[in-house]
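Scroll down for the structure; my scribbles are underneath it.
The values are calculated or read from the model by the stated rules, or taken from the named source; none is laboratory data. Predicted model only: the values in this text are computed from it and were never measured. Don't worry about glycine lacking a Cβ; one is built from the backbone with ideal geometry, like all the others, and counts go over all protein chains shown.
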Amino acid sequence: MAITKRLKSEIIFNRDKYLSPSYKTVEAFQKPIILERGKMQYVWDIHNNKYIDMTSQNIVISVGHSHPKVLKKINKQLETMPHCSSMYIHKAPGLLAKKLVEKMPDHSSGEDWVVHFVNDGSEAVDLSIQMAREYTGNTNIFGLYKGYHGLQGYAAGLTAIGKASQNCYNSMFTGITHVELNKIEQLDNHLKYGTSGNVAGIIIEPLQGYGGINPLDYGYMKDAFELIRENNGVAISDEVQTGFGRCGESFWGFQMKNNDAIPDIVTIAKGMGNGMGIIGAVICRKSIADAFSKKMFFNTYGGNPISTTASLAVLDIIDNEDMISNCNKMGDLLTMELSNLCDKYPSVYSEIRGKGLFQALEIYGTTPEKSIYNSIKLHNKTLNYGVLMGRGSAAGNVFRIQPPMCINRKDVMTVVEMLEDMAIGELKN
Ligand code: PMP
């Protein structure tokens, strides 16, 4: 797979000249890396260099790049009927909705759950806010600092990562209040003194993702949901990253031991399609959906047969190939090994956070700026070890450890050995 220097520079030239400069703001590495193909937990660049994909391409590849079972099903669907509007009936969306509802716990109201399909995570969040407002008749929505819920529609207003806010369009989002994670008293005070006692709801990630893999304290999610319900609002669990078993303990993030909460609305996207885009969904209590059903609900691609078929295959693989227990086992191994590294090299690695295949390793620095500087420096080195590591957090100073759920022990140990080797290298300097 020889590739000439000319072709490489043409690919980079096209990106730089014809794609918007906005893409520069999210570029993963200083040195451009051009990816060409992926298989299970690995990806290859155009020079045929192989990397362990520790990013799942932003947690989209859940069961593995080009998983053969997903491919087989979507190829068949592609040949049969690539699209069927939700104005007509196709078997796949209804079947996927049934399987998703079967994954939901009973709600204390005794109500059924129903599903709305959308195009992506932002749209799922945007729709969930519309529903919360329509159902309650209230406008105030609460979110958490460092929460990430998307950058389109109302989701953009709920995202509280400073660098993602644009001055002018911020004014579009009224009725949003952000509070600090794990400070239940702050939420209580806002509700008591800052509202009429009637709010639309709260949206919480069960384990904050983009913000830096920030775990919720024991009972926080449950207490926050309860307070919101006391103020006539609804509880939204944003499972766009945490859903589908990635955290290892349970299928949904709200079911994790420290959360043990039940929401009224759940938003999902990303990993549910394993790379088959145009996918997202809002699962909600039937009465919330009923309140919203007085007017037309429609989007062109939501419930697309290829995406929903892909998602059915993903669910099948998660259930039948022991994927959640692999997340748990590999996650525990990572936690143990990375905690050891933090103990052994505190001047390089300061903290490990998270659960399952949803963890973060914070890079040490004597000041916040140095921590960011060090994380960029080390991050660029990971490519030399054949590891595609994610880097993120609100500050940009953590390695995000979120590989496909099929990662194995050997790959985990390759990553651990790389981190140790880089730490030794740092101490020598
Ligand atoms: N919610 C969460 C928790 C997310 O992490 C993201 C994306 N990173 C979104 C919503 C938005 O999803 P999308 O980028 O598909 O719009």
Could you figure out which of (1) surrounded by fewer than 22 Cβ atoms within 10 Å (Cβ to Cβ); (2) out of contact with any strand residue (DSSP E or B) (no Cβ under 6 Å at 6 or more places or on another chain); (3) assigned to a helix (DSSP H, G or I) isn't true of G365?
(3)
Residues (of a type in the set (S, T, N, Q), out of contact with any Asp or Glu (no Cβ under 9 Å at 6 or more places or on another chain) and touching a residue at least 12 places away in the same chain (Cβ under 8 Å)) located in the stretch 358-374:
Q359
Looking only at the stretch 368-414, how many residues end up being crowded, with 20+ Cβ neighbours inside 10 Å, in a helix (DSSP H, G or I) and in contact with a Leu (Cβ under 8 Å, 6 or more places away or on another chain)?
2
Could you tell me which numbered condition K355 fails, if it satisfies all but one of (1) under 15 Å from N397 (Cα atoms); (2) touching a residue at least 12 places away in the same chain (Cβ under 8 Å)?
(1)
When residues of the stretch 221-251 are filtered for being free of Cβ contacts under 8 Å to residues at least 40 places away in the same chain and either surrounded by 24 or more Cβ atoms within 10 Å (Cβ to Cβ) or near the ligand (Cβ under 10 Å from one of its atoms) (or both), how many remain?
5
Suppose we keep only residues that are in contact with a helix residue (DSSP H, G or I) (Cβ under 6 Å, 6 or more places away or on another chain) and not in a loop (DSSP other than H, G, I, E, B) within the stretch 252-270. Which one would you say is farthest from the ligand (Cβ to nearest atom)?
I265
Listing of helices (runs of 4 or more DSSP H) fully contained in the stretch 120-220 that carry 1 or more residues being within 14 Å of the ligand (Cβ to nearest atom) and not small (G, A, S):
121-136, 154-158
Would you check if there is a residue in the stretch 64-80 being surrounded by 19 or more Cβ atoms within 10 Å (Cβ to Cβ) and at positive phi?
yes
Find all pairs meeting these conditions: Cβ atoms under 7 angstrom apart; at least six residues apart or on different chains; first residue within the stretch 21-46 and assigned by TED's automatic domain parsing to the domain that holds I11; second residue among the hydroxyl-bearing types (S, T, Y).
G38/S66; K39/S66; Y42/Y51; V43/Y51
Of G212, G194, G147, which residue is exposed (fewer than 15 other Cβ atoms within 10 Å of the Cβ) and not hydrophobic (A, V, I, L, M, F, W, C)?
G194
